[in-house]
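Heads up: the structure comes next, in structure tokens.
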Amino acid sequence: MRVGDIYIDALGTWLPEPYSAERAVREGLYEAVDFEENGLLAARVAGPDEAPAEMAVRAVRQLAERRGSDLSDVDLLVHAGSSWQGPEGWRPASYIQRKTVGGTGPAWELTMGCLGGLTALEVAVGFLRGDASRRTVLFTSADNWSSPVVDRWRSFPGVILGDGASALTLGRGTGFARLLSVNTGGVPDLEGMYRGSEPLFPGTSLQRAPLDFRLRATAYKETEQASSEAMMLSAKVQLELIDRSLEEAGIGRSDITRVAYVNYARLATQMWLLDPLGIPMSTSTWEIGRHIGHIGPSDQLVSLDRLLSHGELGPGDHVLLAGLGPGMTLGSAVLEIVSRPSWLD
């Protein structure tokens, strides 16, 4: 989807302290072979009682402070997360709305897993364009994997799970980054990779059974038809979505300044994104993510915030956001940096 008339005017993040992967190896939490192969150095780890919704509120408060204005112009709040967000039957988006924006506008929750951030961009564009009186969308994301049924160090191949939160506001006015394009798609033949042999109902959250995507992936490969074709298709779809976003943005692969991707292991980042694009590792945000861990939909936004804060982006630069989530769902977006964020002055 070609955009061009929507801007990001502020970002906010909240991250807990890092937990060294080397320490996790010494304590028997993380396999030494995975530590050597993946190149991941730390995970941000929140306290076991840190509610994701409260983490999101902290990110919004930083955003509001940076924005230098209240959030009375927000017409929609959209929240996404990958981990358990709170009590069953409760909606975290409304809690975040009550603690930050207030008012009587809608507050939506996206259950798109790690693709929640890119999906929210597409949803926001449609919402803003649907009514000329709508001004601003606030997106939040937060995850805390400190759960007795989740092993952040071993539950997913090529990943260590991190905790954290992010927030952004985007609208028709002005901002430091212009959203040039955004696209999402999916490969439903791979939905079983995230389900494995588990029954459709009751799910893991109701049974409080361990969440282990390694076992699910193994079960999927044993019970489904050869998954290599579907995996190749997912890589093809990801590349097609990226090229479509670049074309709609009016740029080519060589014009990409930085790529913000999922905080994966080095090999996975190269194999699934950088090598197909012909882009060097130095262009990616892998060096940032290896110190944070995979924090769900916040990966790309936290990396973007770090790039801006460290002065690694300036006016005229183009940032490719790319990601994927359960389903399998995939997405990409292109941003143009148009000015230095005001909070950095």
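The values are calculated or read from the model by the stated rules, or taken from the named source; none is laboratory data. This structure is a prediction, so every number in the text was calculated from the model and none was measured. Virtual Cβ from ideal backbone geometry, glycine too; neighbours counted across all protein chains shown.
Mind checking which residues of the stretch 253-273 are within 14 Å of Ser332 (Cα to Cα) and among the small types (Gly, Ala, Ser)?
Listed by number, the list holds a single entry, Ala260.
Determine if the stretch 263-272 includes at least one residue that is at pLDDT below 95, buried (at least 20 other Cβ atoms within 10 Å of the Cβ) and under 18 Å from the mean Cα position of the chain (by Cα).
Yes: one or more hits.
Would you please name the residue that is surrounded by the most Cβ atoms within 10 Å (Cβ to Cβ), looking only at residues in the stretch 128-160 that are touching a Pro at 6+ places or on another chain (Cβ under 9 Å) and hydrophobic (A, V, I, L, M, F, W, C)?
Ala142
Could you check the stretch 1-38 and list, in sequence order, the residues that are farther than 29 Å from Asn183 by Cβ and touching an Asp or Glu at 6+ places or on another chain (Cβ under 6 Å)?
Of everything in the stretch 1-38, just one residue is farther than 29 Å from Asn183 by Cβ and touching an Asp or Glu at 6+ places or on another chain (Cβ under 6 Å), namely Pro16.
So, in the stretch 166-223, exactly how many residues are at pLDDT below 80 and either among the acidic types (Asp, Glu) or assigned by TED's automatic domain parsing to the domain that holds Arg67 (or both)?
3
Of the conditions (1) among the basic types (Lys, Arg); (2) farther than 26 Å from Gly331 by Cα; (3) in contact with a strand residue (DSSP E or B) (Cβ under 7 Å, 6 or more places away or on another chain), Lys99 clears all except one; give me its number.
(3)
Would you be able to say whether some residue in the stretch 84-94 is farther than 15 Å from Pro52 by Cβ, at pLDDT 95 or above and not small (Gly, Ala, Ser)?
no
Six or more apart or on different chains, Cβ under 9 Å: which pairs go from a residue in the stretch 30-46 that's assigned by TED's automatic domain parsing to the domain that holds Gly162 to one that's part of a helix (DSSP H, G or I) and basic (Lys, Arg)? Could you list them?
Tyr30/Arg23; Glu37/Arg266; Asn38/Arg266; Gly39/Arg266; Leu40/Arg266; Ala42/Arg23
In the stretch 228-262, which residue that is farther than 28 Å from His310 by Cα, buried (at least 17 other Cβ atoms within 10 Å of the Cβ) and among the polar types (S, T, N, Q) is modelled with the highest pLDDT?
Selected residue: Gln238.
Is there a residue being under 19 Å from the mean Cα position of the chain (by Cα), under 17 Å from Leu335 (Cβ atoms) and assigned to a helix (DSSP H, G or I) anywhere in the stretch 274-289?
The answer is yes, given that some residue of the stretch 274-289 is under 19 Å from the mean Cα position of the chain (by Cα), under 17 Å from Leu335 (Cβ atoms) and assigned to a helix (DSSP H, G or I).
Of the numbered conditions (1) more than 23 Å from Gln300 (Cα to Cα); (2) buried (at least 19 other Cβ atoms within 10 Å of the Cβ); (3) of a type in the set (Gly, Ala, Ser), Ala120 satisfies every one except a single condition; which is it?
If we test Ala120 against (1) more than 23 Å from Gln300 (Cα to Cα); (2) buried (at least 19 other Cβ atoms within 10 Å of the Cβ); (3) of a type in the set (Gly, Ala, Ser), just (1) comes out false.
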